[in-house]
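Report on one structure; see the data block that follows.
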Amino acid sequence: MLGILPYARWSVAVALLALIPAGAGAQDAFKEFKQLDTTTKMPKLNAFIAPGTTPQGAKLHSVALEAKLTASGDAVKDGLSWYVFSPVAGSDGKLPLIASSQGGSADFQLAPGDYFVNVSFGRAGVTRKLSVPEDGALEKQTMVLEAGGLLLNAVSGSDVKIRPDQLSFSIYSADVRDDGERGLVMADVPPNTVVRLNAGTYHVVSDYGETNASVRADIQVEAGKLTEATIQHKAAQITFKLVSDKGGEAIADTAWSILTAAGDSVGESVSAFPTMVLAEGEYSAVARNKDKIYQREFKVEAGKNTDVEVLMKDVQPDQGPAATTLQQLPPEQQPPTEQSHAAQPLPSFEQLQSGAAAGGVDSD
């Protein structure tokens, strides 16, 4: 798979720089990095019970709950969100929230009956049906999240570091829906940030800059482990300058257009020396200043950040593509051209539909 550094490869060809073992060690590793949760920040609640959800006179039972990343791991001590719902939908079609708790393990006081219990750890979560008996004690309930952590980063070329503010990641599900799209799990994930996810394969898109440097990779997340993946971008940061002489000062009030070798526009700017991140390949830089247009072809190599100077000089045929001034000659100075089909007008759309112009159009 292109775009992933070959440090160590699994079946998904991802460079896994570290795999943290399950249990307390994995939880400690999650805390070493900035974390992303999907739940809204709330005051810490201790088994909050929604008013009016407990039947009057009902005998309450203590229900203790804990969650683990894996069946053999230790209970998660922090970062959990617990929600208890009634299985009977309300008038709005939603399941009423009975109780909630934030933090580690939870202890609820619930009336006898059936409930749905959901626990989430970032983007990882699991739901279970819980039955509280009329009599007798209920054993502590353990819910297994089967969750792990994913930490993403990227380099340019083989090992050129990229500024964090120039990187962004989006995480999608691995499955493709009927409409051909993937389900978005989380967008705009900064580098060096732990994302808590259910175990499984995820499709990651890494964007370097805002132009055309984008890399995709499938990454496997294992339960109880922190997976670090470094993605390799074949791109570089290019700064453009319009100058009167090589090495001169950049000329202000210049409008820039960056074109691919096929002539497609990939970026525009109005600045004396704009900077763009471009994928590896061949391009043309077009500078417009005071009704004149200057152009230079250049090549982007992965990891090689550089400046591209466009010279304000006419280029003679033997001077190469260092700079070109594009100016249209007046009609009287233009060289004669062959007029083999010039006098014959092109057929209209209606003529093409009816076939009336067949005799006037080349068959090949």
Requested in this report: Quick one: Val194 ticks every box in (1) crowded, with 16+ Cβ neighbours inside 10 Å; (2) aliphatic (A, V, I, L, M); (3) out of contact with any helix residue (DSSP H, G or I) (no Cβ under 6 Å at 6 or more places or on another chain) except a single one, so which number is it?
Outcome: (3)
Query raised in the report: Out of all the residues in the range 109-120, which are at pLDDT 95 or above and of a type in the set (A, V, I, L, M, F, W, C)?
Result: Phe116, Val117, Val119
Report summary line: The correct count of residues that are among the aromatic types (Phe, Trp, Tyr) and open to solvent by 50 Å² or more (accessible area, probe 1.4 Å) in the range 158-172 is 1
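Can you tell me which residue is nearest to Leu60 (Cα to Cα) among those in the range 121-141 that are over 33 Å from the mean Cα position of the chain (by Cα) and in a strand (DSSP E or B)?
Val132
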**Report entry** Residue under evaluation Ser206, criteria (1) in contact (Cβ under 8 Å) with a residue 24 or more places away in the chain; (2) open to solvent by 20 Å² or more (accessible area, probe 1.4 Å); (3) of a type in the set (Gly, Ala, Ser), criterion not met
**Finding:** (2)
Query - Qualifying residue in the range 140-150 (condition: farther than 23 Å from Ala89 by Cβ and touching a helix residue (DSSP H, G or I) at 6+ places or on another chain (Cβ under 9 Å)) - result: yes
Query - Flag for Asp175 being out of contact with any Gly (no Cβ under 6 Å at 6 or more places or on another chain), open to solvent by 40 Å² or more (accessible area, probe 1.4 Å), in a strand (DSSP E or B) and modelled with pLDDT of 95 or more - result: no
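Yes or no, residue by residue, for (1) assigned to a strand (DSSP E or B); (2) without any contact (Cβ under 8 Å) to a residue 12 or more places away in the chain:
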position: Lys59; (1), (2): no, no
position: Ser62; (1), (2): yes, no
position: Thr70; (1), (2): no, no
position: Gly73; (1), (2): no, no
position: Ala89; (1), (2): no, yes
position: Ala99; (1), (2): yes, no
position: Gln102; (1), (2): yes, no
position: Val119; (1), (2): yes, no
position: Met143; (1), (2): yes, no
Requested in this report: Return yes or no: is Leu150 surrounded by 19 or more Cβ atoms within 10 Å (Cβ to Cβ), over 24 Å from Ser72 (Cα atoms) and of a type in the set (A, V, I, L, M)?
Outcome: no
Query raised in the report: Which strands (runs of 3 or more DSSP E) sit wholly inside the range 212-282 and have at least 1 residues that are acidic (Asp, Glu) and touching a His at 6+ places or on another chain (Cβ under 9 Å)?
Result: 213-221
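Kindly establish whether Arg216 is out of contact with any Lys or Arg (no Cβ under 9 Å at 6 or more places or on another chain) and either more than 30 Å from Thr306 (Cβ to Cβ) or open to solvent by 50 Å² or more (accessible area, probe 1.4 Å) (or both).
Details: out of contact with any Lys or Arg (no Cβ under 9 Å at 6 or more places or on another chain): yes; either more than 30 Å from Thr306 (Cβ to Cβ) or open to solvent by 50 Å² or more (accessible area, probe 1.4 Å) (or both): yes.
Taking the combined requirement at face value, the residue satisfies it.
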**Report entry** Top-ranked residue of the range 274-312 - restricted to ones that are touching a residue at least 24 places away in the same chain (Cβ under 8 Å) and among the acidic types (Asp, Glu), ranked as surrounded by the most Cβ atoms within 10 Å (Cβ to Cβ)
**Finding:** Glu309
Requested in this report: Please verify whether the range 237-246 includes one or more residues that are modelled with pLDDT of 95 or more, surrounded by 14 or more Cβ atoms within 10 Å (Cβ to Cβ) and β-branched (Val, Ile, Thr).
Outcome: yes
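Yes/no per residue for (1) open to solvent by 70 Å² or more (accessible area, probe 1.4 Å); (2) touching a Ser or Thr at 6+ places or on another chain (Cβ under 9 Å); (3) more than 11 Å from Val84 (Cβ to Cβ):
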| residue | (1), (2), (3) |
| --- | --- |
| Ser101 | no, yes, no |
| Leu110 | no, yes, no |
| Val119 | no, yes, no |
| Arg123 | yes, yes, yes |
| Ser131 | no, no, yes |
| Glu134 | yes, no, yes |
| Glu139 | yes, no, yes |
Query raised in the report: Would it be correct to say that Val286 is part of a strand (DSSP E or B), at pLDDT 95 or above and not hydroxyl-bearing (Ser, Thr, Tyr)?
Result: no
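The values are calculated or read from the model by the stated rules, or taken from the named source; none is laboratory data. These numbers were taken from a predicted model, which means no experiment stands behind them. Methodologically, a virtual Cβ is constructed for each residue, glycine included, from the backbone with ideal geometry; neighbour enumeration extends over all protein chains shown. To get the accessible areas, we keep the full protein, side chains included, count just its heavy atoms, and leave off ligands, DNA and RNA. Shrake-Rupley method; radii C 1.70, N 1.55, O 1.52, S 1.80 Å.
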